[in-house]
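So the structure is just underneath, and the comments pick up after that.
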Amino acid sequence: MRWNKTVTVVDCHAEGESGRVVVGGVVDIPGETVFDKRTYVATQQDDLRRMILFEPRGAAHHNANVLVPSHHPEAQMGYIIMESTEYPAMSGSNTMCVATVLLETGILPMTEPVTKLVLESPAGLIRVECDCADGKVVRVRFVNQPAFCYFLQKPVKVEGLGEIAVDVAYGGMTYVLVDAEQIGVELHPSEARTLCELGQRIKKAAAEQLTVSHPDNPEIPGITITEFTGPLRREQGVLTSRNAVIVSPGRVDRSPCGTGTSARLATMHAKGQIEQGETFVHESLIGSRFESSVLDTARVGPYDAVVPTVAGQAWITGVYQMGMDPTDPFPRGFTVADTWLRSIDHLGSVQSAAE
């Protein structure tokens, strides 16, 4: 065996959503903050993302996280999040995977019954509380950076749908949120392909028609992701709803989505649909669930914001080394539109909202 690049990967999923964690083989990445490191990798070392996520080593549903040192005095570790077409500032399911891998592989010490961590994501510090038993992380609860609304019930013209009303909110990524009933979908697994096609079309229209800029970090991209929201209901008194988040270039998030849950909490709080401290259970298209609540309120620039907390569980599924043979004809991977919805030739700008 003769490889010119080798990385050690721990495969993991959080409530169904893949979250590979790269624990070895990546040399130190320049940057004072993890956001700086994220920008460096996106602009200078994007081949790493393509190798891990694109075929033949990856698949359309894969995400990855690269563990990096944090220079922040409160943080034990940092992580750069990688998805098919972007480097998100934050991801809830990936955070759950990172915390689980750090503790279950012994990279950081586990304390039972509860281990508290402070991790640095590109979005900032994420405080994590892990319930642990018999060497296993049985629950991960994180406190996200503040989430807030840019627009509520804003009209957007979408090809094939006409004018629809959308919300736009930041929860670690910038979402366009659409009431599923408004466009006649029930959020059933059989609708996944339709949801992907509609979601990409809605996202493109919203990104073109609604300009947003994060007040604290204008380098965070604008609208890059769509969330279809189901009706609110009460299950044994607990506020509950289904959702489907469409990740570019066009697939359904298998988990209830942590940043999507955060964005939805922001819109629900702004509309008076949830009280601070009230539990909200968010359900994915496959039936997995995150438990969440509004921990506190805040301000982000001119926007009223909420501080979300989201909880779920992650499971390690494998540990292996991924390598690159120098004679391999696909060192940067490839994508095919049969499973990726469209072929991705290159990442383009990390600022791109319409990809």
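The values are calculated or read from the model by the stated rules, or taken from the named source; none is laboratory data. Being a predicted model, the structure only gives us computed values, none of them experimental. Heads up, the Cβs are rebuilt from the backbone with ideal geometry, glycines too, and the neighbour counts pull from every protein chain shown.
A few points about this structure:
- Among all positions in the range 73-95, there is at least one residue which is in a loop (DSSP other than H, G, I, E, B), over 17 Å from GLY258 (Cα atoms) and charged (D, E, K, R).
- Residue that is nearest to ALA147 (Cα to Cα), among those in the range 75-117 that are free of Cβ contacts under 8 Å to residues at least 24 places away in the same chain and not β-branched (Val, Ile, Thr): LYS116
- Here ALA60 passes the criteria (1) in contact with a helix residue (DSSP H, G or I) (Cβ under 7 Å, 6 or more places away or on another chain); (2) at pLDDT 95 or above except the one numbered (2).
- Note on the range 255-290: among residues that are acidic (Asp, Glu) and without any contact (Cβ under 8 Å) to a residue 40 or more places away in the chain, the one that is nearest to CYS149 (Cα to Cα) is GLU275.
- Whenever a residue of the range 156-181 is on the phi > 0 side of the Ramachandran plot and of a type outside the set (Ser, Thr, Tyr), its partners that are assigned to a strand (DSSP E or B) and surrounded by 18 or more Cβ atoms within 10 Å (Cβ to Cβ), lying with C-beta atoms within less than 8 angstrom and at least six residues away or across chains, give the pairs GLY172/SER121; GLY172/ALA147.
- When each of MET1, MET51 is tested for being in contact (Cβ under 8 Å) with a residue 24 or more places away in the chain and part of a helix (DSSP H, G or I), the lone residue that passes is MET51.
- A single entry from PRO231, PRO249 fulfils the requirement of being of a type outside the set (Gly, Ala, Ser) and modelled with pLDDT under 95: PRO249.
- Taken as a whole, the structure leaves THR33 outside the set of residues that are of a type outside the set (D, E, K, R), at pLDDT 95 or above, out of contact with any Ser or Thr (no Cβ under 9 Å at 6 or more places or on another chain) and surrounded by fewer than 23 Cβ atoms within 10 Å (Cβ to Cβ).
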